[in-house]
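The block underneath contains the structure these notes are about, expressed in structure tokens.
Nothing in this text is a laboratory measurement; each read-out follows from the coordinates by a stated rule. This is a predicted model, so every value here is computed, not measured. Cβ coordinates were reconstructed from backbone atoms using ideal geometry, including for glycine residues, and neighbour counts include every protein chain displayed.
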Amino acid sequence: EEIREIAMSINERLSTARKKLNLSQGKVAEKLGISQSAVATMEKEGSTVTEQNIKSYCNIFGVNETWLISGVGDMFTSKRQKDEFLDVFDKLMPEMQEHIIKISMDLLLLQNKLIMENKLTDANDDK
């Protein structure tokens with residue numbers, strides 16, 4: 001998939017990211033403070049996209065600037081993932097939030113245990 005994304009133009013990647021976010025050109029335009037026709041033009045093959053529009057698009061929608069420009073790397077930054085998680089978390093009832101926190105703490109403990117076991121296994125392998 002990454003090879004295909006590298007072969008895509010920045011115009012195609014803008015369109016792909018917008019569709020992945022389930023946004024209309026109008027909604028993107030509204031968030032960027034530009035017209036819908038300007039968004040359509042940016043997504044049109046061969047059109048030039050200004051550095052300002054690239055930076056705004058990436059900052060507002062959590063798109064990885066390297067991916068948008070070159071097609072290399074992940075489409076979205078990890079910040080977007082955190083924002084999405086926090087948006088969902090905020091919508092939960094307090095009891096559900098407490099449950100998520102407990103599950104997260106349990107997962108963190110398990111992760112740390114697995115990391116330590118792996119380090120011990122790696123140390124034994126070195127002997």
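Restricting attention to the range 36-127, lysine pairs at least eight places apart or on different chains and with alpha-carbon atoms under 19 angstrom apart total 8. Potential lengthening of the chain between I69 and K113 amounts to 11.9 nm, from the contour at 0.36 nm per residue minus the alpha-carbon distance.
Residues of the chain were split at every exposed loop site, defined as GluC sites (Glu not before Pro) in a DSSP loop with at most 12 other C-beta atoms within 10 angstrom, and the longest piece left, sites excluded, is 46-127.
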